[in-house]
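Below is one structure, written out as structure tokens; the observations come after it.
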Amino acid sequence: APAVKNFTLNFTITNLQFTADLQKPNSRRFKSTEKVMYHYVDPLLQRSSIGPAYIGCKVTAFRSTKNRDDTGVDAICSCRDEPSDPKFNRTTVYHELSRMTNGITKLGHYSLNSQSLYVNG
């Protein structure tokens, strides 16, 4: 089996009000919001430098931020770590995601806090 490299992806959505049901992984709201995140995030990472090696992301949490009108998103993402696959470089992926989200301001119909994107290998 190919080796797998995990990395974290965090960002804050400024037009998704945090509610208690977003904290519950089995709630309808968590599951529907999670699907929307995959709908927007997966294509970006597939078009990034790690695209051919990209496996997917799993939302681990939606969290409250200092501004209760915002919702933080935490995800663990995976890519294959094979010699023939593109190498994961967190700085490169950060810059690519920044560019693909209009300077970390837009993710589909969501608005992002431009200072909130974090990619950690």
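The values are calculated or read from the model by the stated rules, or taken from the named source; none is laboratory data. These figures come from a predicted structure and were not determined experimentally. Only protein heavy atoms, including side chains, enter the accessible area calculation; ligands, DNA and RNA are left aside. Shrake-Rupley method; radii C 1.70, N 1.55, O 1.52, S 1.80 Å.
Enter the accessible area per residue of segment 4-120 (Å², integer; probe 1.4 Å; all protein chains in place). Let's see the in-between values first.
On the way: 6300 Å² over 117 residues.
Ligands and nucleic acids excluded, the figure is 54 Å² per residue.
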Cross-link reach from LYS31 to aspartates and glutamates, straight Cα distance under 15 Å and at least 8 residues apart if same chain, gives ASP21, ASP74
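Gain in length, SER32 to ASN113, computed as 0.36 nm per residue apart minus the alpha-carbon separation, to one decimal in nm?
Details: separation 81, 0.36 × 81 = 29.16 nm, distance 2.14 nm.
Extra length from SER32 to ASN113 when fully extended: 27.0 nm.
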For THR92, the accessible surface traced by a 1.4 Å probe with all protein chains present amounts, in square angstrom to the nearest 10, to 60
Heavy-atom accessible area of the chain with neighbours in place, 1.4 angstrom probe: carbon+sulfur share in percent works out to 49
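Fully extended, how many nm does the chain gain between LYS66 and ARG47 (0.36 nm per residue separation, minus their Cα-Cα distance)? The partial results should precede the final answer.
Numbers: separation 19, 0.36 × 19 = 6.84 nm, distance 3.21 nm.
Roughly 3.6 nm would be gained on extension.
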Rounded to the nearest 500, the 222 nm mean residue ellipticity computed for the chain from DSSP H runs (n ≥ 4, each -39500 (n - 2.57)) alone is -8500 deg cm²/dmol
